[in-house]
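Quick notes on the structure that follows.
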Amino acid sequence: AQRVTQPEKLLSVFKGAPVELKCNYSYSGSPELFWYVQYSRQRLQLLLRHISRESIKGFTADLNKGETSFHLKKPFAQEEDSAMYYCALRRASGSARQLTFGSGTQLTVLP
Amino acid sequence: SQTIHQWPATLVQPVGSPLSLECTVEGTSNPNLYWYRQAAGRGLQLLFYSVGIGQISSEVPQNLSASRPQDRQFILSSKKLLLSDSGFYLCAWRGTGSTEAFFGQGTRLTVV
């Protein structure tokens, strides 16, 4: 069975400081990993996906298969980054290919 | 463009009452549809998914059921609500072949 673990429920950093949101997964196959974000009073939305190897809003995430991790990083946090962040895994094959989410990390960037 | 509608936004229901939450998608055909629940302090838990009309898969045994009477309509139901059914319910859709899921605004259900 697949599982996604986000060990930090709450994380606070000061504006301009680096931030790392941790995500570990367990899955026997080749997964697809995502980060979703929910800003206050907004819908849950996709932030980035590992297959795109993209940087969105200054955030990056590298899939480390050896450590089974997909940590989200940003070198200089901004106040507008305050939000709930969810790491998610999707099977690389199979019907529906539904997402499995972690429990989420509430990030607060302090002024 | 595609949009997803979910209603109501909030709902307070007594224990033992029935439940019906509705989700509709516009601007796409044959989407994969999902119902998730977020209980307090926990992550998003997949409840049901559907790959087509009348096709429902349940991920966890529970007091709820789902139906897909039309291609772009997904309904979450219960005959008798339990206190433990309280939570935040999210509907989502994903296009066939797409990797991104799009979420509705969610329904905050409180069973009292």
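Just a few scattered comments:
- Matching residues, region A:19-31, being in a loop (DSSP other than H, G, I, E, B) and at pLDDT 95 or above: A:22, A:23
- Identity of the residue in region B:90-103, facing chain A (nearest Cβ under 7 Å) and assigned to a loop (DSSP other than H, G, I, E, B), that ends up nearest to the chain's Cα centre (by Cα): B:101
- Of the residues making up region B:17-72, those that are among the charged types (D, E, K, R) and at pLDDT 90 or above are B:22, B:26, B:37, B:68, B:71, B:72.
- For region A:32-58, a residue qualifies if it is over 22 Å from residue A:91 (Cβ atoms), at the interface with chain B (Cβ under 9 Å from one of its Cβ atoms) and not in a loop (DSSP other than H, G, I, E, B), and exactly one does: A:38.
- Condition broken by residue A:17, with the remaining ones in (1) away from chain B (no Cβ under 14 Å); (2) in contact with a Cys (Cβ under 6 Å, 6 or more places away or on another chain) satisfied: (2)
- Test: residue in region B:56-65 that is crowded, with 20+ Cβ neighbours inside 10 Å and over 23 Å from residue A:85 (Cβ atoms): yes
- Leading residue by the ranking (farthest from residue A:89 (Cα to Cα)) among those in region A:13-26 that are surrounded by 14 or more Cβ atoms within 10 Å (Cβ to Cβ) and touching a Leu at 6+ places or on another chain (Cβ under 6 Å): A:21
- The requirement of being of a type in the set (Gly, Ala, Ser) and within 13 Å of another protein chain (Cβ to nearest Cβ) is not satisfied by residue B:54.
- Qualifying residue in region B:11-31 (condition: of a type in the set (D, E, K, R) and in a loop (DSSP other than H, G, I, E, B)): no
- Looking only at region B:12-51, and only at residues there that are buried (at least 17 other Cβ atoms within 10 Å of the Cβ) and more than 16 Å from residue B:94 (Cα to Cα), the one that is farthest from the other protein chains (Cβ to nearest Cβ): B:19
- Taken over region B:37-66, the residue count meeting the criterion of being among the hydroxyl-bearing types (Ser, Thr, Tyr), touching a residue at least 12 places away in the same chain (Cβ under 8 Å) and over 21 Å from residue B:97 (Cβ atoms) is 1.
The values are calculated or read from the model by the stated rules, or taken from the named source; none is laboratory data. Fair warning: this is a prediction, and the values are worked out from it, not measured in the lab. Cβ sites come from the backbone with ideal geometry, for glycine too, and all protein chains shown count toward neighbours.
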